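In what follows, a single structure is set out as structure tokens and then discussed.
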Amino acid sequence: MNIEDIRKHFPILDQEVNGRPLVYLDSAATSQKPVQVIETIDQYYRGYNSNVHRGVHTLGTRATDAYEGAREKVRKFINAKSIQEVIFTRGTTTALNTVAASYAADNLKEGDEIVISLMEHHSNIIPWQQVARKTGATLKYLELQEDGTLSLDNVRETITSNTKLVSVTYVSNVLGVINPIKEIARIAHENGAVMVVDGAQAAPHIKVDVQDLDCDFFAFSGHKMCGPTGIGVLYGKKDLLEKMEPIEFGGEMIDFVHLYESTWKELPWKFEGGTPIIAGAIGLGAAIDFLQQVGLEKIEAHEHKLAAYAMEKMSGIEGIKIYGPKEAGKRAGVITFNLDDVHPHDVATVLDAEGIAVRAGHHCAQPLMRWLEATATARASFYLYNTEEDVDKLVEGLVKTKEYFSNVF
Ligand code: 7TS
């Protein structure tokens, strides 16, 4: 599929915003959805909407087959050993909170250490703060080098035999940095700690192999990878998940309910209390089919090329400050920047008038913002449907923004 073919699959891109063709550069917040995903959800609601795992009627069986079929697609997508290791959640946030509230809350105690990094999204900070508060464990941070990358020396110094859990993002949603997860997992294991990976910005963009990474838990969201909102995945190694307690109790997740005690279903269903996110999971399955049809390697290469092109073009704008590594090879398709003293919200507003969607703010990473000594930044993020022309329009928009504000002040 070439880029024109890919774009044809995304009807939303073919529209004008504020009288200009839409340039969507906010895929790190949420990606657009191809027709396959929209139609798959539509077909479910029109054709076989039904609850799953109960009863024997035909629609129920079709819905169950589609829901469990989506789980198998996810298993293959991340190369998990078994579908028992694939838990559907509401998204990355819920997946990370599940590990914190179940595994960490039950296994950590005073004197134990949790290691995360300074570049984490709030969803990979606050659950561990809560665990630390409740268990008496200590939260420690991996430091960043000058260009915003992690150093393995610092990883080796920070992770010790007291470390019981390490949780690091695979790809930063602010700096686009790709972290050496496999090496960090090895260091965590050498010290007897479990390795949790926030894969929210990785799963959409790079081929993930949880067995090769040898991580213990891996969390990601469907909506950032062409799927619907409200669905995500927690991968966990079976031997760990088996020992963990569910965090939501009720229908769907039980085997037998007695008056004063109950038993749980086997994995992965013991972690999916209540009616599951049926349409979401089926939609995520369609998104995975689409991404595989295009090819993850191709998507990754396309984004690296676009990021390199954007870095080169944007660096030419006088007064721009681009955060993170200069080498495009070290980053995914995310470019965070500030333009002179113009507030990033103003940058985003002027760009919006040009039909260009970027995000401005702290990107749910306030500790990283403090480290960058910025209260806020603007961020352009690319996906498989973006083109060099989109980058050119962004650069033109930024030049206009500069001119506009130099006339105002
Ligand atoms: N982790 C990372 C690295 C993220 O980028 C995000 C969302 C999350 C966790 C949380 O994912 P959720 O699907 O549970 O919300 N990041 C962003 C962003 O960069 N802009 O909007 C949401």
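The values are calculated or read from the model by the stated rules, or taken from the named source; none is laboratory data. These numbers were taken from a predicted model, which means no experiment stands behind them. Ideal geometry is used to build each Cβ from the backbone, glycine not excepted, and the neighbour counts take in all protein chains shown.
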Exercise for the section: Please name all residue pairs, on different chains or six or more residues apart, with Cβ atoms under 7 Å, provided the first residue is in the range 211-227 and is hydroxyl-bearing (Ser, Thr, Tyr) and the second residue is outside any strand (DSSP E or B). Expected result: 221/91; 221/92; 221/200
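Name every residue in the range 144-161 that is acidic (Asp, Glu) and over 18 Å from residue 331 (Cα atoms), in order of residue number. First the steps, then the outcome.
If we filter the range 144-161 for residues that are acidic (Asp, Glu), which is where we start, we get 146-147, 153, 157.
Within the range 144-161, 153, 157 qualify.
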Completion exercise
Note on the range 347-360: residues surrounded by fewer than 17 Cβ atoms within 10 Å (Cβ to Cβ) and farther than 12 Å from residue 17 by Cα are 349
Completion exercise
Exception for residue 315 within (1) free of Cβ contacts under 8 Å to residues at least 60 places away in the same chain; (2) within 20 Å of the chain's Cα centre (by Cα) falls at (2)
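Residue by residue, here is whether (1) among the aliphatic types (A, V, I, L, M); (2) in contact with a strand residue (DSSP E or B) (Cβ under 7 Å, 6 or more places away or on another chain); (3) on the phi < 0 side of the Ramachandran plot; (4) within 15 Å of the ligand (Cβ to nearest atom) holds:
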position	(1), (2), (3), (4)
174	yes, yes, yes, yes
180	no, no, yes, no
192	no, no, no, no
200	yes, yes, yes, yes
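Let me confirm something: among 384, 368, which residue is buried (at least 23 other Cβ atoms within 10 Å of the Cβ) and within 16 Å of the ligand (Cβ to nearest atom)?
Details: 384 fails: within 16 Å of the ligand (Cβ to nearest atom).
Criteria check complete, one pass: 368.
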Problem - Enumeration of residues in the range 43-96 that are touching a residue at least 60 places away in the same chain (Cβ under 8 Å), more than 16 Å from the ligand (Cβ to nearest atom), among the hydrophobic types (A, V, I, L, M, F, W, C) and touching a Ser or Thr at 6+ places or on another chain (Cβ under 9 Å) - result: 52, 63, 66
Exercise for the section: Please identify the pairs in which a residue from the range 162-173 that is within 26 Å of residue 331 (Cα to Cα) and modelled with pLDDT under 95 has its Cβ atom under 7 Å from the Cβ atom of a residue that is acidic (Asp, Glu) and more than 8 Å from the ligand (Cβ to nearest atom), counting only partners at least 6 apart or on another chain. Expected result: none
Practice task
Might you let me know whether the range 114-121 holds any residue that is away from the ligand (no atom under 13 Å from the Cβ) and either without any contact (Cβ under 8 Å) to a residue 24 or more places away in the chain or of a type in the set (Val, Ile, Thr) (or both)?
Solution key: yes
